[in-house]
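The values are calculated or read from the model by the stated rules, or taken from the named source; none is laboratory data. Given the structure is predicted, the values throughout are model-derived calculations rather than measurements. Neighbour counts are summed over all protein chains in view; Cβ atoms, including those assigned to glycine, are modelled from backbone coordinates with ideal geometry. Areas reflect the complete protein model, heavy atoms only, side chains present, ligands, DNA and RNA absent. Shrake-Rupley method; radii C 1.70, N 1.55, O 1.52, S 1.80 Å.
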Amino acid sequence: MLKNTLLYTGKAKSVYTTDNPDLLILVFRDDASAFNGEKIAQLDRKGKVNNLFNAFIMEKLAEAGIETHFEKLINPSEVLVKRLDMIPVECVIRNYAAGSLCRRLGVEEGKVLTPPTFELFFKDDALGDPMVNESQSIALGWATAEQLEQMKVLTYQVNQVLTDLFEQGGMLLVDFKLEFGVFHDRIVLGDEFSPDGCRLWDKETKKKLDKDRFRQGLGDVVEAYEEVATRLGINLDSI
Ligand SMILES: Nc1ncnc2c1ncn2[C@@H]1O[C@H](COP(=O)(O)OP(=O)(O)O)[C@@H](O)[C@H]1O
Ligand SMILES: [Mg+2]
């Protein structure tokens, strides 16, 4: 599969067309960013670790019956995916309080959220990805009520599958963000699932093993991502 033209350069990945109009190539780069692009850095190996990590997770989700854009790994940095019409609304589930939820609502980090919360954010860098609700998303034409319902059901399914998976590796899935798109009228999971877009804590020590290490300047960012991968049995020998 040939990389044709560069379609989009995001904060962490570059998107290329291929000779098949239904397929794209995503290139995972080593760029890290936080606080809406205020803090940026190059983290050696991050792109490859996240690409292999994402491939493993997407395959687990497909095995559980969740349709994803993942087609196949091309090499440690590149993945072939279905070309989706992305819905500009990010879906977030939180199992424990952290990050913006603590700041906005004055909740202590680590508080168990039962049942897990579900939130929507408008994917717009210039606006800082503001929180939105269902009626706004429908009225502004970002998604239909039916699509939002499907996205919500799928996000809760992903939560079930991945909470169990990380639990087996001695980790708590604190929260995560998903992006969906439309492929031939179906809602399909797109983008990536990696420690860049979720929070993972060691179950016993509560050590942070995700992008909060970068946000909070805790160091050993990619080392932590690699530890998560190793605990899940992901083979990183090729990188
Ligand atoms: N299967 C797909 N089809 C089309 N676009 C996709 C697909 N998967 C992810 N994308 C989009 O490609 C971009 C990925 O690059 P990323 O660096 O994460 O960008 P961003 O800075 O917008 O988050 C995102 O805008 C994401 O929505
Ligand atoms: Mg992104």
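Worth pointing out:
- Number of residues in the range 1-54 that are touching a helix residue (DSSP H, G or I) at 6+ places or on another chain (Cβ under 6 Å) and within 10 Å of ligand 1 (Cβ to nearest atom) equals 2.
- Residues that are within 11 Å of ligand 1 (Cβ to nearest atom) and in contact with a helix residue (DSSP H, G or I) (Cβ under 6 Å, 6 or more places away or on another chain), drawn from the range 179-195: PHE180, GLU192, SER194
- Residue pairs meeting the criteria (Cβ under 6 Å; at least 6 apart or on separate chains; first closer than 18 Å to ALA64 by Cα, in the range 170-191; second away from ligand 2 (no atom under 16 Å from the Cβ) and among the hydroxyl-bearing types (Ser, Thr, Tyr)): LEU173/THR163; LEU178/THR155
- Candidates in the range 180-217 are the residues that are charged (D, E, K, R) and open to solvent by less than 10 Å² (accessible area, probe 1.4 Å); of these, the one that is nearest to ligand 2 (Cβ to nearest atom) is ASP210.
- Residue within the range 113-134 that is closer than 26 Å to GLU59 by Cβ, in contact with a Phe, Trp or Tyr (Cβ under 9 Å, 6 or more places away or on another chain) and aliphatic (A, V, I, L, M) present: no
- For the range 145-171, the tally of residues that are surrounded by 14 or more Cβ atoms within 10 Å (Cβ to Cβ) and either among the acidic types (Asp, Glu) or part of a loop (DSSP other than H, G, I, E, B) (or both) stands at 1.
- Some residue of the range 166-178 being acidic (Asp, Glu) and in contact with a helix residue (DSSP H, G or I) (Cβ under 6 Å, 6 or more places away or on another chain): no
- Output for the range 127-159, where each listed residue is touching a residue at least 24 places away in the same chain (Cβ under 8 Å) and of a type outside the set (A, V, I, L, M, F, W, C): GLY128, ASP129, SER137, GLN147, GLN150, LYS152, THR155, TYR156, GLN157, ASN159
- From PHE53, PHE28, PHE35, residue being of a type in the set (Phe, Trp, Tyr), within 16 Å of ligand 2 (Cβ to nearest atom) and farther than 14 Å from ASP191 by Cα: PHE35
- Residue check for LEU61: open to solvent by less than 20 Å² (accessible area, probe 1.4 Å) and in contact with a Ser or Thr (Cβ under 8 Å, 6 or more places away or on another chain): yes
- Residue tally, condition in contact with a Phe, Trp or Tyr (Cβ under 6 Å, 6 or more places away or on another chain) and closer than 18 Å to ASP164 by Cβ, over the range 214-236: 2
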